[in-house]
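Following: one structure in structure tokens, then a few remarks.
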Amino acid sequence: MENMTENQRATNLSQFPYPLKWQIPLGLVFAALNLGVKYLQNFNPIPLYMDTIFTITASFFGLFSGLICAILYHISCTLIFHFDASTLVWVICSLTIVIIIRIYIKIQKKIEVPDLFLLVFLISLIVSLEGATIFTLLNVFTGYNEDSQVKFMYALLSSNSVSAFISALLPRVPVNILDKAISVSIGWLSFVGISRLVETSKKM
């Protein structure tokens, strides 16, 4: 163990979830960081979601930290930004990301660069399908309007007699691929950096 490099040590930490006494506060902190990103998005909007960066970071630390971060973030957004309560259903996408990461880690036992590419693909595809489904149902039952990230393409497709589901799905795939590529990269690097700090503190 002493001969392992810092990168190997950080990677191996992904095999085992952190103790619950660490996961709970980490989940709370990462939920707050997600809210910070959301707040900044309100002032400097970009055509990406950028709302799961720290949910992904929390998920690398463990299932409970990921779940706490995802659920608390969505509840806080509804309360702070006065979103309609029906939008809480979007928490399903965040919870799916947590589950994908934890199952992937359980199967692979470690995370390396090629795994990050595969995670981006899996998360983007599954969340795009979920997002299109959720939007279609919300649109039917509540008149929910499409997010700004895909609104133009959705309007273009739907105006050409493409179904609501397909119109919501097709623009989501490229947006999610870019969004999750950034989010997974930052989330993983944050996990590695914090893991190194923890390992270093244990030696002091």
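For first residues located in the range 174-200 and closer than 12 Å to Thr55 by Cβ, partners that are among the small types (Gly, Ala, Ser) and crowded, with 18+ Cβ neighbours inside 10 Å and lie 6+ apart or on another chain with Cβ distances below 7 Å form the pairs Lys180/Ser124.
Remark: pairs (first residue in the range 108-132, open to solvent by 80 Å² or more (accessible area, probe 1.4 Å); second residue hydroxyl-bearing (Ser, Thr, Tyr); Cβ separation under 7 Å; 6+ apart in sequence or on different chains) = Lys110/Thr11; Lys110/Ser14; Glu112/Thr11. Selection over the range 30-70 of residues that are touching a residue at least 40 places away in the same chain (Cβ under 8 Å), under 27 Å from Gly143 (Cα atoms) and among the aliphatic types (A, V, I, L, M) gives a count of 3.
Given the structure, is Tyr73 touching a residue at least 12 places away in the same chain (Cβ under 8 Å) and either surrounded by 16 or more Cβ atoms within 10 Å (Cβ to Cβ) or more than 12 Å from the chain's Cα centre (by Cα) (or both)? In short, yes. Being in a helix (DSSP H, G or I), closer than 20 Å to Ser86 by Cβ, open to solvent by 20 Å² or more (accessible area, probe 1.4 Å) and not basic (Lys, Arg) is not true of Glu199.
Entry remark, the range 103-139: residues being among the charged types (D, E, K, R) and part of a helix (DSSP H, G or I) number 3 in total.
From the set of residues in the range 10-27 that are surrounded by 15 or more Cβ atoms within 10 Å (Cβ to Cβ) and more than 11 Å from Leu63 (Cα to Cα), which is modelled with the highest pLDDT? Looking at residues that are surrounded by 15 or more Cβ atoms within 10 Å (Cβ to Cβ) and more than 11 Å from Leu63 (Cα to Cα), I get Leu26. A single entry from Leu67, Leu48, Leu33 fulfils the requirement of being surrounded by fewer than 20 Cβ atoms within 10 Å (Cβ to Cβ) and modelled with pLDDT of 95 or more: Leu33. Of all residues in the range 140-156, none satisfies the criterion of being crowded, with 18+ Cβ neighbours inside 10 Å, touching a residue at least 24 places away in the same chain (Cβ under 8 Å) and either at positive phi or in a helix (DSSP H, G or I) (or both).
The values are calculated or read from the model by the stated rules, or taken from the named source; none is laboratory data. From a predicted model like this one, the values you see are computed outputs, not experimental measurements. Using ideal geometry, Cβ is built from the backbone for each residue, glycine included, and neighbour counts are taken over all protein chains shown. Only protein heavy atoms, including side chains, enter the accessible area calculation; ligands, DNA and RNA are left aside. Shrake-Rupley method; radii C 1.70, N 1.55, O 1.52, S 1.80 Å.
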